[in-house]
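Let me begin by presenting the structure, written as structure tokens, before commenting on it.
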Amino acid sequence: MMRWRLPLFIIAAVVTLLFLNGIVWRHEQTLAQGRAVLLPLRPVDPRSLMQGDYMALDYQLTQQLTHDLMAAPPAAGQALAVVLGTDSDGVAQFLRMAKPGEQLQAGETLVRLKWEDNGAHLPSNSYFFAEGEATRFAQARYAIFRVASDGTALLAGLADERHNTIPDRLQAPTSAHSNP
């Protein structure tokens, strides 16, 4: 009986590592190939956002959805599927709640959010950067998300009012729309 425990432990460890590597690979694919979406950040005094080496993020989209759904809020933990379009400046705008099985039109993007007790939430509510870089990131007006075809959204960076990516210390500035 003892000789079976070690092989079972090894099999369980290998399966766990494969599962976790699969998740990491999927997220890397989303960041590399997902559709770029610019979401306006909710205006807040940057001095109140900065705490050490990160910035708290709040989005106009989540504020709008929270306001719209508060009369009949979904259950806590419920997934929300929203359809976004882009305005003439390339900034994402809420169009409608997605219906199950709905086919999107050209230029529309499906994004999945989560409803918690206090409202709608995107997966990222903070952005970490190198210590001493707060002044540059205080210029952030947009969050750049990469969105997979299933609606999974991952925060890829922040952009200024001209839609240019605010680079980390060693990264060159680029346009948020350079690789949609």
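The table below gives the values:
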read-out	value
Estimated dipole of the chain in Debye, rounded to 20 [Cβ of Lys and Arg +1, of Asp and Glu -1, Cα centre]	620
SER126-ILE10 FRET efficiency (beta carbon distance; Förster radius 35 Å; 0.05 resolution)	0.40
Reported label for calculated semi-axes √(5λ) of the Cα gyration tensor in Å given (i) 37, 21, 14; (ii) 28, 22, 12; (iii) 31, 23, 18	(iii)
Placed amide H near LEU158: partners under 5 Å, 5+ positions off or other chain	ILE144, ILE166
Packing-based order for 14-20, 78-84, 112-118, using average beta carbon neighbours within 10 Å, highest first	78-84, 112-118, 14-20
The chain - mean residue ellipticity at 222 nm from DSSP helices (-39,500 (n - 2.57) per run, n ≥ 4, rounded to 500)	-8500 deg cm²/dmol
Accessible surface, the range 1-158, averaged per residue in Å² (probe 1.4 Å)	62
Total charge dipole magnitude, the range 86-170, about the Cα centre, Cβ charges on Lys, Arg, Asp, Glu only, Debye to nearest 20	100
Residues ALA71 and GLU28, FRET efficiency given R0 of 30 Å [Cβ-Cβ distance, rounded to 0.05]	0.15
Over the chain, relative contact order from alpha-carbon pairs under 8 Å, at least 6 apart, %	25
Nearest-ten-degree value, helix 60-69 long axis tilted from longest Cα axis of the chain	80
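The values are calculated or read from the model by the stated rules, or taken from the named source; none is laboratory data. In this text, all values refer to a predicted model and were calculated from it rather than measured experimentally. Here the Cβ is made from the backbone with ideal geometry for all residues, glycine too, and neighbour counts use every protein chain on show. Protein only, heavy atoms only, side chains kept; ligands, DNA and RNA dropped before computing areas. Shrake-Rupley method; radii C 1.70, N 1.55, O 1.52, S 1.80 Å.
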